[in-house]
Amino acid sequence: MKRIFCVLRASSSSRGFTLIELLVVIGILGILAAALIATIDPFEQLKKANDANVKNTAVEFVDANIRYFTTHNQMAWSADTTCSGGTSPTAANLGLAAQTGCLTDLVNDGEIKAAFTTATGILSSIIITGGTNSVTACFLPTSKSGQRDQNARYTASGTLAAPANSCLGGVGATTGATACYWCSL
């Protein structure tokens with residue numbers, strides 16, 4: 001009987017973890033979580049997502065204008081005086097009221113959806129420049145990876161920044177003195 005009691009007593013005292021063991025495991029998990037959060041940098045991820053959203057909107061605007069030009073043989077601002085005052089936009093903010101006619105023409109023609117015009121926060125960060133048969137949409141990236149993108153080497157009007165390696169955080173940047181835009185040409 002004593003022998004059975006000793007076996008039960010020994011096994012019951014070895015169940016569970018000590019307080020020290022639990023604290024060590026919690027400490028290790030805390031260090032790993034802190035390292036993971038520092039690696040991921042959630043604010044940078046939000047900036048990258050915003051840059052991707054603006055980039056997609058800029059590309060869609062340029063594509064819609066190209067499709068409009070293909071069917072009408074002129075750009076939207078050439079056909080309508082409510083669009084950029086009837087002249088080619090020069091470094092004009094897409095979110096301004098002067099560009100509303102351009103978006104309306106593209107919506108009425110079926111080139112973009114009406115919901116496109118409601119993204120005012122995104123549209124206001126896009127700068128458009130156009131000619132009689134061309135359009136460029138540019139935006140200033142906010143994320144570090146967006147600033148280092150090889151396509152982020154333009155001025156707001158869509159011309160190449162000179163020198164190209166002077167862009168803020170750009171590929172081969174020397175001083176990072178110039179804020180360069182990402183452009184869809």
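The values are calculated or read from the model by the stated rules, or taken from the named source; none is laboratory data. Just so it is clear, the model here is predicted, and its values are computed rather than measured. FYI the Cβ positions are ideal-geometry reconstructions off the backbone, even for glycines, and counts take in every protein chain you see. Heads up: the accessible areas ignore ligands, DNA and RNA and are worked out on the full protein's heavy atoms, side chains in. Shrake-Rupley method; radii C 1.70, N 1.55, O 1.52, S 1.80 Å.
Things worth noting here:
- Protein heavy-atom accessible surface, 1.4 Å probe, per residue over the stretch 55-104: 46 Å².
- Carbon plus sulfur fraction of accessible area for the stretch 62-159, probe 1.4 Å, in percent: 52 percent
- With the simple spin-label model, which puts each label point 7 Å out from Cα in the Cβ direction, the N56 to D109 separation comes to 2.4 nm.
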